[in-house]
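Engineer: I have a structure I would like to understand better, so I am pasting it below and will then ask my questions one at a time.
The values are calculated or read from the model by the stated rules, or taken from the named source; none is laboratory data. Computed from a prediction, not measured in an experiment: that's the story for all the values here. Cβ placement follows ideal geometry from the backbone for every residue including glycine, while neighbour counts extend to all protein chains displayed. SASA here: full protein model, heavy atoms, side chains in, ligands and nucleic acids out. Shrake-Rupley method; radii C 1.70, N 1.55, O 1.52, S 1.80 Å.
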Amino acid sequence: MKEPAITLTSSRLNRDIELPPAVKAQEAAISSRTVAYCDEVLNRSRFFCLLKDYAITPAMMQYAFLQYYFWRDQLHQWFGLCIVKAGSCTDPDHKSAIMSLADHTFTDLQDDHSEMYVEFLHELGLSDTEIVAARRSAATTSYERSFFDEFGYGTDNFYEALAALSARELCVSIRNARLLQSYFDARGMKHPTWLSLHAELEVNHFQDSIRPVLTRYEGDSVKLSSVIKAVERGIDRHVQYFEDLLLEYESQANAV
């Protein structure tokens, strides 16, 4: 039986504002393209191929998402970088972007997503003692720095950074749907609240962040091409993180 979607959040954004037809069409096109690219990258990922083949073990899941715990604990820093890169809060597109970034951070903290995530780790079989004892790995440190390496302060790529961040959100939605189907459903386990929520919520976050980009670059094929490349790089790097975590896990298991 399909579990009910979780829809109640603390978002303050008005998502009922009608987009201009050209922007709406562009949003639909880039959304479809981004979903297709996410599927393509996930399908060739060894981690997600193992997941599809029901070969991801509980120990692998524990390692990957215990490390992800460290990364998500500093997610606000990526959003903060984009806010810092926004040149003017009176520019309509910058204002819209800043509001979407701030809203995402507010929702995450107000709705206790960190606590939800710890519950998720418990449902994976991890104890509080194991969570507290864990330490950030090289793969996690590298992923945390990757956004700053590409879009650091002083670089003129605000909208590309925003696009890459939004693409990561949509990729998380697609990734979580696969985790729910190929890990939790396959084992007859209940859906963790955090995983289910972020299979739904991240679609809104993608739309919130990509719309200012599309409004800004409406009709500019050169800029839109740059945005699409940033979207693809954001997805590539997110999926690569799981490849790196898998390699770390295997290396440690082989050493033992």
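Engineer: Hey, any hits in the stretch 126-148 for a residue that's of a type in the set (D, E, K, R), closer than 30 Å to ARG211 by Cα, modelled with pLDDT of 90 or more and out of contact with any Asp or Glu (no Cβ under 6 Å at 6 or more places or on another chain)?
Structural biologist: The answer is yes, given that some residue of the stretch 126-148 is of a type in the set (D, E, K, R), closer than 30 Å to ARG211 by Cα, modelled with pLDDT of 90 or more and out of contact with any Asp or Glu (no Cβ under 6 Å at 6 or more places or on another chain).
Engineer: Right, something else. Which of the following residues is at negative phi and within 18 Å of the chain's Cα centre (by Cα): SER182, SER166?
Structural biologist: Within the list SER182, SER166, the selection yields SER166.
Engineer: What pairs come out if I take residues in the stretch 43-71 that are within 13 Å of SER182 (Cβ to Cβ) and touching a residue at least 40 places away in the same chain (Cβ under 8 Å) and pair them with residues that are assigned to a helix (DSSP H, G or I) and of a type in the set (Asp, Glu) whose C-beta lies under 7 Å away, six or more apart or interchain?
Structural biologist: Once the first residue is within 13 Å of SER182 (Cβ to Cβ) and touching a residue at least 40 places away in the same chain (Cβ under 8 Å) and sits in the stretch 43-71, its partners that are assigned to a helix (DSSP H, G or I) and of a type in the set (Asp, Glu) give SER45/GLU243; PHE47/GLU243.
Engineer: Follow-up question, since we're still on this one. Going by what's in this entry, would ASP156 be described as at pLDDT below 95, closer than 22 Å to ARG237 by Cβ and of a type outside the set (Gly, Ala, Ser)?
Structural biologist: The answer is yes for ASP156.
Engineer: Scan the stretch 187-208 and tell me whether some residue there is without any contact (Cβ under 8 Å) to a residue 24 or more places away in the chain and in a helix (DSSP H, G or I).
Structural biologist: Within the stretch 187-208, not a single residue is without any contact (Cβ under 8 Å) to a residue 24 or more places away in the chain and in a helix (DSSP H, G or I).
Engineer: Further, regarding this structure: Quickly run through the stretch 107-159 and pick out the residues that are surrounded by fewer than 15 Cβ atoms within 10 Å (Cβ to Cβ), of a type in the set (S, T, N, Q) and within 16 Å of VAL84 (Cβ to Cβ).
Structural biologist: Selection gives THR155 alone.
Every residue, every condition in (1) at pLDDT 95 or above; (2) part of a helix (DSSP H, G or I); (3) open to solvent by 50 Å² or more (accessible area, probe 1.4 Å), yes or no:
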{"site": "LEU8", "(1), (2), (3)": "no, no, yes"}
{"site": "LEU13", "(1), (2), (3)": "no, no, no"}
{"site": "ILE56", "(1), (2), (3)": "yes, no, no"}
{"site": "MET61", "(1), (2), (3)": "yes, yes, no"}
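Engineer: Identify, please: which residue in the stretch 217-256 is open to solvent by 10 Å² or more (accessible area, probe 1.4 Å) and of a type in the set (Phe, Trp, Tyr) and is, among those, nearest to THR57 (Cα to Cα)?
Structural biologist: The residue in question is TYR249.
Engineer: Name the residue, out of SER182, SER173, that is at pLDDT below 95 and of a type outside the set (Val, Ile, Thr).
Structural biologist: When all the criteria are applied, what remains is SER173.
Engineer: Could you tell me which numbered condition ILE30 fails, if it satisfies all but one of (1) modelled with pLDDT of 90 or more; (2) crowded, with 18+ Cβ neighbours inside 10 Å?
Structural biologist: (1)
Engineer: Taking the stretch 69-84, which residues are open to solvent by 30 Å² or more (accessible area, probe 1.4 Å), of a type outside the set (Val, Ile, Thr) and out of contact with any Asp or Glu (no Cβ under 9 Å at 6 or more places or on another chain)?
Structural biologist: TYR69, ASP73
Engineer: So if I check each of LEU214, LEU180, LEU162, which one is farther than 19 Å from TRP78 by Cβ, part of a helix (DSSP H, G or I) and open to solvent by less than 10 Å² (accessible area, probe 1.4 Å)?
Structural biologist: Criteria check complete, one pass: LEU214.
Engineer: Could you figure out which of (1) buried (at least 21 other Cβ atoms within 10 Å of the Cβ); (2) assigned to a loop (DSSP other than H, G, I, E, B); (3) not aromatic (Phe, Trp, Tyr) isn't true of SER100?
Structural biologist: Of everything listed in (1) buried (at least 21 other Cβ atoms within 10 Å of the Cβ); (2) assigned to a loop (DSSP other than H, G, I, E, B); (3) not aromatic (Phe, Trp, Tyr), SER100 misses just condition (2).
Engineer: Name the one entry in TYR117, TYR143, TYR153 that is more than 28 Å from GLU27 (Cα to Cα) and aromatic (Phe, Trp, Tyr).
Structural biologist: Testing whether each residue is more than 28 Å from GLU27 (Cα to Cα) and aromatic (Phe, Trp, Tyr) leaves just TYR117.
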